[in-house]
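Engineer: My questions all concern the structure below.
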């Protein structure tokens, strides 16, 4: 199953969603901002992406600039921050089986064999 972690208000996320639609594959949309996202789910995502939690943080987000810039947090603390403030999560993330990509640009989804 393919899942896209999607924010409908984000232009890049909408582009990723449209790209999946052009591929003609079945997929599930996970609106993680509206539905919330757990620390465990984020941990699984960063593991599948093969990155550190901080690499999933949108540092241009106002919340980050005002509250987190310059702070040194552990991986676990970054996961907790993102879970509590899901707008900080880079998007879109596309997951297929045991792999995942940050689909910016959307064509990165092809790395998953989509």
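Coordinate-derived values only; no laboratory data. Here the structure is a predicted model, which means the values were calculated and not measured. Every residue, glycine as well, gets a Cβ built from its backbone with ideal geometry; the counts of neighbours run over all protein chains shown.
Engineer: Over region 62-114, what lengths in whole Å, largest first, do the semi-axes of the equivalent ellipsoid take, defined as the square roots of 5 times the eigenvalues of the alpha-carbon gyration tensor? Spell out each step's value before the answer.
Structural biologist: Details: eigenvalues 146, 32, 15 Å².
Taking √(5λ) for each eigenvalue gives 27, 13, 9 Å, largest first.
Engineer: Follow-up. Go ahead and set up a Gaussian network model of the chain, Cα springs under 10 Å, then flag whichever of 11, 30, 91 fluctuates most.
Structural biologist: 11
Engineer: Same structure again: Output the relative contact order of the chain, whole-number percent, from Cα pairs under 8 angstrom with separation of 6+ residues.
Structural biologist: On the way: 156 pairs, mean separation 40.2, N = 114.
35 percent.
Engineer: Another question, then. Would you compute, from DSSP H runs of 4+ residues alone, the mean residue ellipticity of the chain at 222 nm, taking -39500 (n - 2.57) per run and dividing by the full residue count, rounded to the nearest 500? Present the calculation step by step, with values, prior to reporting the outcome.
Structural biologist: Details: 5 runs with 44 residues, N = 114.
The helix contribution divided over the chain gives -11000 deg cm²/dmol.
Engineer: Okay, moving on. Where does helix 11-23 land angle-wise versus the long Cα axis of the chain, in degrees 0 to 90, nearest 10?
Structural biologist: Helix 11-23 sits at roughly 30 degrees to that axis.
Engineer: What is the helix-to-structure angle for 75-84, meaning the angle in degrees between its Cα long axis and the longest Cα principal axis of the chain, kept from 0 to 90 and rounded to the nearest 10?
Structural biologist: Around 70 degrees separate the two axes.
Engineer: Right, here's the next one. Using 0.36 nm times the number of residues separating residue 60 and residue 111, minus their current alpha carbon distance, what extension gain do you get?
Structural biologist: On the way: separation 51, 0.36 × 51 = 18.36 nm, distance 2.61 nm.
Stretched fully, the residue 60-residue 111 segment lengthens by 15.8 nm.
Engineer: By how many degrees, 0 to 90 and rounded to 10, does the Cα axis of helix 39-49 deviate from the longest principal axis of the chain?
Structural biologist: Tilt of helix 39-49: around 60 degrees.
Engineer: Just to be sure I understand the model, the point goes 7 Å from the Cα along the line to the Cβ. What's the resulting residue 35 to residue 76 distance in nm?
Structural biologist: 2.7 nm
Engineer: Right, here's the next one. Test of understanding: in a Gaussian network model of the chain with alpha carbons linked when under 10 Å, which of 58, 14, 34 would top the mean-square fluctuation ranking?
Structural biologist: 34
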